[in-house]
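Taken together, the values in this text are just the output of simple stated rules run on the coordinates, not laboratory data. Because the structure is predicted, anything quoted here is derived from the model rather than measured. Cβ: placed from backbone, ideal geometry, glycine included. Neighbour counts: every protein chain shown.
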Amino acid sequence: MKKKILVTGGLGFIGSHTVVCLHEAGFEPIIIDNLSNSQMSAMDGIKSLIGFEPTFVNANVNDKEVLAQLIIDHKPEAIIHFAAFKAVGESVEKPLMYYENNVVGLISVLEVMKEQVISNLVFSSSCTVYGEPDQVPVLETTPTKPAQSPYGATKQMGEIILKDNAAWCKTQCLRYFNPIGAHPTAALGELPLGIPNNLIPFLTQTVAGLRNELTVFGNDYDTPDGTCIRDYIHVMDLAEAHVKAVERLVHNKQEENFEVFNIGTGNGFSVLEVIQSFEKENNINVPHKIGPRRAGDVVKVWADTTKVNEVLGWTAKRGLDEMMRDSWNWQLKLQNN
Ligand code: UFG
């Protein structure tokens, strides 16, 4: 019988791709998602890729009764906890909403896990915990910096809570760098609500004619071309990292109960390099202008991936050009629907 994996937020951007990869790796994904930042169309995409609709419950993870019943009914071997809010700016405006969803939500998941004697968890953390690092690339041992936003604080708190519960809960804590791209078939991708804050959805919407122009936030940083540098990672690579983390948990390969991994490519690209790659790969011009810096932006951050490559046995396979191609194909698919 297939091992079941409970995926909270399984209809979101990273969750939906991970559901497909879990199925392909021989697991049975069970989804709980309250559709607060996702849409049922993601289920159509999942169905088209795996050939059937996985078990899905429309509920908030803070609803402990529903969560407990789901666990009793399915007895998952592990939980991947994606369900969380992720917009930095919004978290500044609505901090309580972020603490409620991201911190109380995690505590709720842990309480139910403890009660139901489930002890394998994969947690969505973020490179935001490193803040503006003193040195790049960042290692998992690089000291974290005070959070720049309530969103960042919720990820740091999540890590602390999980470390403090490591006596009974085995955790794979994955620090994502900048997830972009889409499923290569364009069956799944990111569905940003309203005006996107992130570079790639804003860029693809601009090229699609939905926005006038992309603003590059600052070109006077201390980087080779003056624009900020990030480690962009294809969402399919990220999804595959979750499968590796689940396999490590269910096969009891963890060396320590609380393990942290950087999930990036190890390569940093500037905003202008991203635009150039998009233009070259898709043979389309990206209307853009240089604007002022955006408050709170980190100048440069990219991952040292030695630990994740060697210990988790995972390496990102897809390059920036592929990310640009898949992001654009996804935007075209959205336009044509
Ligand atoms: N950028 C622009 N113009 C835009 C949007 C972004 O120039 O319209 C630039 C930003 O200034 C930055 C880069 O593109 O230099 C990437 O910006 P994103 O908003 O796409 O991503 P961030 O690196 O700011 O944030 C991401 C995630 C957060 C996470 C953070 C950790 O969205 O959830 O990485 O560093 F916390």
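What the table shows:
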item: Residue-count net charge about I72 - beta-carbon cut-off 15 Å; Lys, Arg +1, Asp, Glu -1; result: -2
item: Alpha carbon centroid spacing (whole Å) that separates region 228-244 from region 203-218; result: 23 Å
item: Principal-axis tilt of helix 320-336 within the chain, Cα atoms, nearest 10 degrees; result: 80 degrees
item: Region 202-337: projected area of the alpha-carbon convex hull, averaged over directions, in nm²; result: 10.2 nm²
item: With eigenvalues of the C-alpha gyration tensor scaled by 5 and rooted, region 222-266, Å; result: 31, 13, 5
item: Debye intensity ratio in log₁₀ form over the Cα atoms of region 10-152, taken at each q of 0.15 Å⁻¹; result: -0.85
item: Proximal aspartates and glutamates relative to K307, as straight alpha-carbon distance under 15 Å, when same-chain residues fewer than 8 apart are discounted; result: E140, E255, E256, E259
item: Hydrodynamic radius by Kirkwood, which averages 1/r over all alpha carbon pairs of region 1-74, in angstrom; result: 12.2 Å
item: By average C-beta atoms within 10 angstrom, highest first, the peptides 196-208, 260-272; result: 260-272, 196-208
item: Length added when fully stretched, S36-L332, from 0.36 nm per residue minus Cα-Cα; result: 104.1 nm
item: Angle in degrees between helix 105-115 and the longest Cα principal axis of the chain, rounded to the nearest 10; result: 20 degrees
item: Amide hydrogen neighbours beyond the local backbone of V216, cut-off 5 Å, H modeled; result: K289, I290, G291
item: Helix axis angle, 41-50 relative to the chain longest principal axis, alpha carbon, degrees; result: 70 degrees
item: Within a Gaussian network of the chain (alpha carbon springs, distance under 10 Å), most fluctuating of L214, L11, L188; result: L214
item: Order of D222, D321 under a 10 Å beta carbon neighbour criterion, fewest first; result: D222, D321
item: Simple label model, 7 Å out from Cα along Cβ direction - K145 to V250, nm; result: 3.9 nm
item: Net +/- balance of residues flanking Q156 in space, Cβ distance below 15 Å, scoring K and R +1, D and E -1; result: +1
item: Relative contact order (%) - the chain, alpha-carbon pairs under 8 angstrom, separation at least six; result: 19 percent
item: Radius of gyration and maximum dimension Dmax of the chain, Cα, Å; result: 19.1, 57
item: Derived scalar couplings ³J(HN,Hα) [region 145-154; Karplus, 6.51 cos²θ - 1.76 cosθ + 1.60; whole Hz; x for Gly, Pro]; result: 10, x, 5, 8, 7, x, 4, x, 4, 5
item: Charge tally in the Cβ shell below 11 Å around L272, where Lys, Arg are +1 and Asp, Glu are -1, L272 excluded; result: -3
item: Centre separation in Å (Cα based) which lies between region 50-76 and region 106-146; result: 23 Å
